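The values are calculated or read from the model by the stated rules, or taken from the named source; none is laboratory data. These figures come from a predicted structure and were not determined experimentally. Backbone-built Cβ (ideal geometry, glycine too); neighbour counts: all protein chains shown.
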Amino acid sequence: MLNQDVTGVRPVDIHAHFFPQAYLDVLAEEGPRFNVEYRAAEEGFYIKTDARFQGPLPYRVVDLKKRIADMDAQGTAVQAMSLTGPMAYWGDEEVSHKLTRAWNDAASAAHVQYPTRLLGLLTLPMLFPDRAIDELNRASKLPGIRGVYMGTNINHRDLDDPLFEPIFARIEALDLPIFLHPLQVVGGQRTAPFYLSNMLSFPFDTAIAACHLIFGGVLDRHPKLQFSLPHGGGVLLMLMGRIDHGSAVRPEIEKLRLPRPPSKYLQLEIRHGVRDRRSGRRAHHDRERLLPRHGVRKARAFSGSGKYNERATKDDLRRQCRTNPQALTKQQALAAVPPRIGLRRVPSE
Ligand SMILES: [Zn+2]
């Protein structure tokens, strides 16, 4: 039975990672040629790349039945599933495309199996634009695909790199929202200890990605593109005043002739904290109180379990929705438009 709050709100989790077995099979088969290792063990599975060592990852990110059971326990009505590291940017042209086809087909099949509960944010072989556009054209027609997922940088290339321009043009034409996620992040060895790579490097990389989209002109060239920033928008909101001031006084930015201050590109902020049922810790912080200060006009409540289907309590999710007047309606949840949020160009005032 689907969980539904007394207000009629049904939480949608837009940050929910999924490793289909078909993707892991390609990774296991093709990975060694590219220094990528996959190992299955009793306690979970491990993935090792040049960028990161992950594991043990729980098998419930593979198993759809367990996922649905977790969603029921958590009170999540719908998940818009996405891939996570090591993503699909480490192979050659053929392997990258093969990885993305495997993931996209499996996400769509998951939707067909659970049409009211699971959706997919497709993944692309971003380093090979012709392939990426082919896959975009193919996978966007699959049942249950509602958006695009990509890194905050692609193998250290920022998102305003001309390589990605035709891909963004096609995503814009298809009117699909984009959910960003960190992978190869700033900080290097300095943020390797103490889990700093996640706590600090992830939110900084997200802010860097947002600034490249703004200053690099991606949002102006593609006015319909919409980006969702994970992890509460990273440190972007916290630094927005500094970024606005810098763009007003620095010649490096003045010559770009931006039509508006950077903060005006922010439209909606979405992420709300969810609490891990077992540890009791918050997975994210609610930044709603920061919004008015930074010119963000509207907020809509989407929730994200953040990582590998972590559990939030029903009370947490209900509270999030109640505190936000723009919370999802039942109809929105069913249509499950994922992230109409985060960062996009807005008309001049
Ligand atoms: Zn994540």
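Below are the figures for this structure:
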{"quantity": "Residue in region 175-183 that is in contact (Cβ under 8 Å) with a residue 12 or more places away in the chain and charged (D, E, K, R) present", "calculated": "yes"}
{"quantity": "In region 9-22, residue modelled with the lowest pLDDT [restricted to those that are in contact with a helix residue (DSSP H, G or I) (Cβ under 7 Å, 6 or more places away or on another chain) and outside any helix (DSSP H, G or I)]", "calculated": "9"}
{"quantity": "Residue 25 under 22 Å from residue 102 (Cβ atoms) and at pLDDT 90 or above", "calculated": "yes"}
{"quantity": "Selected residue (criterion: modelled with the lowest pLDDT) from residues of region 177-216 that are surrounded by fewer than 21 Cβ atoms within 10 Å (Cβ to Cβ) and in a loop (DSSP other than H, G, I, E, B)", "calculated": "192"}
{"quantity": "Criterion (within 16 Å of the ligand (Cβ to nearest atom), without any contact (Cβ under 8 Å) to a residue 60 or more places away in the chain and of a type in the set (Phe, Trp, Tyr)) met by exactly one of 215, 204, 194", "calculated": "204"}
{"quantity": "Flag for residue 67 being buried (at least 20 other Cβ atoms within 10 Å of the Cβ) and in contact with a strand residue (DSSP E or B) (Cβ under 9 Å, 6 or more places away or on another chain)", "calculated": "yes"}
{"quantity": "Sole residue being β-branched (Val, Ile, Thr) and within 16 Å of the ligand (Cβ to nearest atom), chosen from 178, 167", "calculated": "178"}
{"quantity": "Residue within region 83-97 that is modelled with pLDDT of 95 or more, assigned to a helix (DSSP H, G or I) and more than 19 Å from residue 153 (Cα to Cα) present", "calculated": "yes"}
{"quantity": "Any hit, region 80-89, residues being away from the ligand (no atom under 16 Å from the Cβ), touching a residue at least 12 places away in the same chain (Cβ under 8 Å) and not aromatic (Phe, Trp, Tyr)", "calculated": "no"}
{"quantity": "Selection count where residues are in a helix (DSSP H, G or I), of a type in the set (A, V, I, L, M, F, W, C) and more than 24 Å from residue 78 (Cβ to Cβ), scope region 113-157", "calculated": "2"}
{"quantity": "Subset tally (residues that are assigned to a loop (DSSP other than H, G, I, E, B) and away from the ligand (no atom under 16 Å from the Cβ)) for region 226-261", "calculated": "10"}
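Yes/no matrix, rows are residues, columns are (1) surrounded by 17 or more Cβ atoms within 10 Å (Cβ to Cβ); (2) under 25 Å from residue 223 (Cβ atoms):
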{"position": "89", "(1), (2)": "yes, no"}
{"position": "92", "(1), (2)": "no, no"}
{"position": "105", "(1), (2)": "yes, no"}
{"position": "162", "(1), (2)": "no, yes"}
{"position": "170", "(1), (2)": "yes, yes"}
